[in-house]
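Participant: One structure coming up, written as C-alpha cells, with questions to follow.
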Amino acid sequence: MAKQWEAWMTGLIGWLRSCERLLSRGERCCQVCAGRIMAGKRRLGMLGICQGCAEGIPWIHLSELTCARCGRYERCPDCEGSSSAASFVQSRSAVRYNERMKEWLAAYKYQRKESLRTVMGGMLLHAYHLHKLPPPGQRLHDGLSDRFASIPAVREYVTFVPLSAERCAERGFNQAEQMAAELARLIGAPLLPLLRRNRHTERQSSKSRHERIENMKGLFELDAYAAIMLAEEAKRIKIRLYVIDDVYTTGSTMSECSRVIRESLPVEVYGITWAR
C-alpha cells in the first residue's frame, strides 16, 4: 500500500511540474531585473538575463582596444609610464564601467544579490576570448598573440584577487572569487586560491593613482601549498595563470598581484576583469 501511495505521489508531482512548464510557456526570470526570458532565447538564457538587460551591456570589442597590454579602449597613461610592465603579459575586460554596470556591481557586492555571480562570471568569458585574439593591427603570429598560436602545450589555471578577512566578513563573500569560479567552470580550468591579502586596507575608489600604488605595496603574498603545487606543475608544462578581479582602474592591484606571483613562480600571468 505504501509503495502504491509513493508511486501515486510521484506521478502527481510529475504532472504538476508538467502543468507548470506548460503554463509558463518555457519562461524564466531575468537574474538582473526579474523580467521574463522567453524560451528559444538561447544566447540570452546562457547568462540568465532578459533581452532588455542584454542589449544594455557595453561590451568591449576587439576593434576598440587601444592599449595592447591592459585592453583599454582609449589612450593609457598607466601603461605608458608603468615600471611594472613586465609583471603581467596583458589584461582584458568584458565591459565598460558605465552607470548601468555600476548598478549591477553594487547590487552584487553591497546588496548581496549573489544570484548575479552566474551572470557576471559568465560575462568574463568575453574577456577570456579577447585574450585569444591579436590586438588591432597585429597579425596572428606576431607579438603577444604568438603565445597562443604556438604549438607547445599550455595548462591554464584561474585564480582571483583576495579580500581581507574584515572585508569578507563585512560583505559575506568575495565577488572576485565567485566570478573566478564561474569562469573556471566554463573554460574547464582548475580554480586555484593562490593569493592571500596580509592586511586590511581602505577602499581604493577614492584614492589617486599614486595613493593606490603605494597602498598596494606588500599587500599580497602567496599561499605556500598552492605555490608549491604550481611550481611543480610548471616544471612539466607551460602554465598560463588568469588573475580575476571585478574592476580594472589603474592596474595597481593587478600589477601587484602579478609581481608577487612572478617573483616566485615561472608562470605567465594574464588579467581578466569584469569591467574597465
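The values are calculated or read from the model by the stated rules, or taken from the named source; none is laboratory data. Keep in mind that this is a model prediction, so the values were computed, not measured. Here the Cβ is made from the backbone with ideal geometry for all residues, glycine too, and neighbour counts use every protein chain on show. Only protein heavy atoms, including side chains, enter the accessible area calculation; ligands, DNA and RNA are left aside. Shrake-Rupley method; radii C 1.70, N 1.55, O 1.52, S 1.80 Å.
Participant: Could you please let me know if Arg117 is more than 12 Å from the chain's Cα centre (by Cα) and open to solvent by 20 Å² or more (accessible area, probe 1.4 Å)?
Facilitator: In short, no.
Participant: Okay, moving on. Would you check which residues across the range 175-219 are modelled with pLDDT of 70 or more, in a loop (DSSP other than H, G, I, E, B) and open to solvent by 30 Å² or more (accessible area, probe 1.4 Å) and list them?
Facilitator: Those that are modelled with pLDDT of 70 or more, in a loop (DSSP other than H, G, I, E, B) and open to solvent by 30 Å² or more (accessible area, probe 1.4 Å): Gly188, Pro190, Pro193, Asn198, Arg199, His200, Lys217, Gly218.
Participant: Out of the range 49-66, which residues are farther than 17 Å from Trp274 by Cα, touching a residue at least 12 places away in the same chain (Cβ under 8 Å) and not in a helix (DSSP H, G or I)?
Facilitator: Cys50
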